[in-house]
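What follows is a single structure, written as structure tokens, with notes after it.
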Amino acid sequence: MSNFDQYFNANKELWNQRTIVHRDSEFYNLAGFKKGETVLTPIELAEVGDVNGKKLLHLQCHFGMDSLDWARRGAHVTGVDLSDIAIKEARSLNMELGLSAEFVCCNVLDTADYIKQEFDIVFTSYGTIGWLPDLKPWANMISRMLKPGGFFYIAEFHPVIWMFDDDFTHIQYAYENREVIVTESKETYTDRNADIRGKEYSWNHSISEVLNALIGAGLTIASFNEFMYSPYPCFQQVVEIEMGKWHIKGMEGKLPMVYTIRAVKQ
Ligand SMILES: C[S@@+](CC[C@H](N)C(=O)[O-])C[C@H]1O[C@@H](n2cnc3c(N)ncnc32)[C@H](O)[C@@H]1O
């Protein structure tokens, strides 16, 4: 048992609770997705490019909507998530949609113990690395899961956003905050009145920490981009300035909200 297992177990319990709320939420638009609407955002669609025929590993896939969107675009998808409820939902959605993605329930850090294949693309997005204490083993696992010539792609919320308190009234955390953040969770981003209870454990990661973990694992950074909006209204106090581009109220256009990295295995 690692020192972090108590944190991972608590987070799993919370994500199990959240999954049911998310599945039935307007935010995730499952009904629209089932009718064929895309749930991937223009950011990753433009930057990942054509996935047809590619083997794609989706890390922290939640209940599989993004994974299955890539599968509908022709990728051979394997999704990984810690939440057994999320994986159960993902498998059931895969069956319902007649797709052939595979889903594995495990800690993302243990992926290489569960999946003995290599991939053209390893993908993860929006709200993933904050659940991991240390990015070095994460990056090493990514490098191991990639074929030579394959690439890793991440679209993630910017660490500057995580410096603020929940209501964006003041800066609560230092940019280089390495300590575990313990939060008493009472709701979720899709429903601020949801009956969700439990402690969650998260970590902030600066941009240099993410880049250096990937470089240290032997990957070559092919692109790095920052976006001054979020494609999701998942924070408190957001305003939609243009369709699908959300900003923090009062700080519109002043904060980087998302970044993306593409890193290649030579
Ligand atoms: C914000 S969601 C995933 C983001 C995705 N864009 C979405 O909204 O569908 C975060 C996911 O990370 C998973 N997760 C948290 N910690 C994990 C870990 N240590 N290993 C694997 N999955 C983890 C949770 O179960 C959850 O499904």
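What the table below lists for this structure:
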| item | result |
| --- | --- |
| Max mean-square fluctuation residue, GNM over the chain, Cα-Cα springs under 10 Å, options Met145, Met228, Met95 | Met95 |
| Listed residues Thr41, Gln266, Ser230: farthest to the positive end of the dipole of the chain (Cβ charges) | Gln266 |
| For region 196-266 and region 1-61, distance of Cα centres in Å | 16 Å |
| Per residue accessible area of region 5-265, 1.4 Å probe, in Å² | 45 Å² |
| Cβ-based charge dipole, region 5-265, positive-most Cα from Phe152, Asn11, Leu82 | Phe152 |
| Most positive-pole-ward Cα, Gly98, Thr128, Gly253, against dipole of the chain from beta carbon charges | Gly98 |
| Pairwise FRET efficiency - Val239 versus Glu13, Cβ, R0 = 30 Å, nearest 0.05 | 0.35 |
| Region 73-183: antiparallel DSSP beta bridges as a percent of all, rounded to 5 | 10 percent |
| Spin-label zone in region 62-102 - amide nitrogen under 12 Å from a point set 7 Å from the Cα of Asn225 along the C-beta vector | none |
| Spacing of the two label points (7 Å from each Cα toward its C-beta) at Tyr175 and Leu99, in nm | 3.7 nm |
| GluC sites (Glu not before Pro) within region 10-56, DSSP loop, no more than 11 other Cβ atoms inside 10 Å | Glu26, Glu37 |
| Listed pairs Lys54/Lys186; Lys35/Lys199; Lys88/Lys147; Lys88/Lys249 exceeding 31 Å between Cα atoms | Lys54/Lys186; Lys35/Lys199; Lys88/Lys249 |
| The chain - charge dipole about Cα centre, Lys and Arg +1 at Cβ, Asp and Glu -1, debye rounded to 20 | 660 debye |
| Fraction of accessible area attributable to carbon and sulfur, the chain (%, probe 1.4 Å) | 50 percent |
| Pair Phe27, Asp50: separation of 7 Å Cα→Cβ label points (nm) | 3.6 nm |
| Percent antiparallel among DSSP beta bridges (both partners in region 5-265, rounded to 5) | 60 percent |
| Cut-off under 5 Å, modelled amide H: who pairs with Val104 long-range | Gly79, Val80, Asp81 |
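The values are calculated or read from the model by the stated rules, or taken from the named source; none is laboratory data. Owing to the predicted nature of the structure, the values given are computational and were not obtained by experimental measurement. Ideal geometry is used to build each Cβ from the backbone, glycine not excepted, and the neighbour counts take in all protein chains shown. These accessible areas exclude ligands, DNA and RNA; they are computed on the full protein's heavy atoms, side chains included. Shrake-Rupley method; radii C 1.70, N 1.55, O 1.52, S 1.80 Å.
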